[in-house]
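Let me begin by presenting the structure, written as structure tokens, before commenting on it.
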Amino acid sequence: MLGIFWLSLPNAGASVDNSRLVKRRNHVIANGTFYRWKSKYGGMDVSEVKRLKELEAENAKLKKLLAETMLEKTALEDVVSRKW
């Protein structure tokens with residue numbers, strides 16, 4: 001959630017250390033990381049970001065369950081299709 005705070009204060013304490021690094025409130029991050037966070041979380045409140053993280057975690061769990069179920073289905077189909 002710290003990234004959201006940085007994005008809400010776009011120029012607060014910002015200085016370019018290097019062509020690739022940006023210093024924001026005693027933390028040095030890569031420009032690419034900062035702009036990726038800005039594009040992903042820029043217009044969101046902290047509560048919206050928390051909800052997004054929860055949904056992403058739930059989505060990952062559901063994808064894992066789907067993959068396991070499809071694997072089981074394939075294994076059962078192989079067993080059923082064998083001729084005894």
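Only the coordinates and a few stated rules stand behind these numbers; no lab work does. Since we're looking at a predicted model, the values are computed, not measured. Note: ideal-geometry Cβ built from the backbone for every residue, glycine included; neighbour counts use all protein chains shown.
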Picking from Leu66, Leu55, the residue that is part of a helix (DSSP H, G or I), under 12 Å from the mean Cα position of the chain (by Cα) and surrounded by 10 or more Cβ atoms within 10 Å (Cβ to Cβ) would be Leu55
Show the residue pairs meeting these rules: Cβ distance below 9 Å; 6+ apart or different chains; first residue within the range 25-43 and exposed (fewer than 12 other Cβ atoms within 10 Å of the Cβ); second residue basic (Lys, Arg). Gly32/Arg20
